[in-house]
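Here the structure is laid out as structure tokens; the discussion comes afterwards.
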Amino acid sequence: MVRPYPPGARLLARPEVVRACASCGDPLGRGYPGCTTCADTVDAYWRADWDALRGDDDERELAAAVLAEVAGVYPWTCTDWALRLVPCPACRVELATGDAGCLTCSRADQARWAWDHGGMPKAMTANEHALRMAVAILRASTRRRSTVVSFWRLVLPFLLVGDTFTTAQARRIKTLLLAGRYDELAEARGYAEMTALPDLPWRG
Ligand SMILES: [Zn+2]
Ligand SMILES: [Zn+2]
């Protein structure tokens, strides 16, 4: 059996091109997590690592063991998956997804990111980091501003095929989102097309 190894999400090959989701019609992944097809496609990278780690172990016990370790010991995908299996003891929803007032969820969400600064610096690619961020934020959308949620929804299909946006592209996309131009951004076939949208004159 292939064991997952840190960092994570590398057991399965990524799709080479962005396709339309057969269920929701949007670029595959954009419907995460509400659309089951989008969710299954994205989650497959997490599930593959989790299944390989689990073997015949009890899922709940393994989840507790993974969360008891410092970030970086297990693949980040397995830490994320364990969070999904353990309800928050304070607010009872999926751990790290409760509303902004739940400190237990906030702590769990922050702890998972310690990975980046832990024992394996730079072992996670920028694309993997962004993919993980997209999934974490879309699963906890009530904790975030709508512009932030829309941003990650827009970029997820392109992250899935391995494309990584630049800081300047992210800034431009967020500016366009704040200007209410989600629908135009959603038509774009990549970050370059999104950022190439022209500015509109002020409309009074
Ligand atoms: Zn879909
Ligand atoms: Zn909570």
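Please tell me the relative contact order of the chain in percent, rounded to the nearest whole number, where contacts are Cα pairs under 8 Å and at least six residues apart.
Reported as a whole number, the value is 19 percent.
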List the equivalent ellipsoid semi-axes of the chain in whole Å, largest first, each obtained as the square root of 5λ for an eigenvalue λ of the Cα gyration tensor.
31, 19, 16
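Could you work out what % of the accessible surface of the chain is carbon and sulfur, using a 1.4 angstrom probe and leaving DNA, RNA and ligands out of the count? Write down the numbers at each step before the final one.
Details: 5670 of 10670 Å².
Using a 1.4 Å probe with all protein chains present, the chain comes out at 53 percent carbon and sulfur.
Write down the accessible area per residue of the chain in Å², having rolled a 1.4 Å probe over the full set of protein chains. Could you put the intermediate results ahead of the total?
Values: 10670 Å² over 204 residues.
Value for the chain: 52 Å² per residue.
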In Å², nearest 10: area of residue 74 left accessible to a 1.4 Å probe:
50 Å²
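The values are calculated or read from the model by the stated rules, or taken from the named source; none is laboratory data. Note that the coordinates shown come from a computational prediction; the quantities given were computed from them, not determined experimentally. Calculation scope for accessible area: heavy atoms of the full protein, side chains included, ligands and nucleic acids excluded. Shrake-Rupley method; radii C 1.70, N 1.55, O 1.52, S 1.80 Å.
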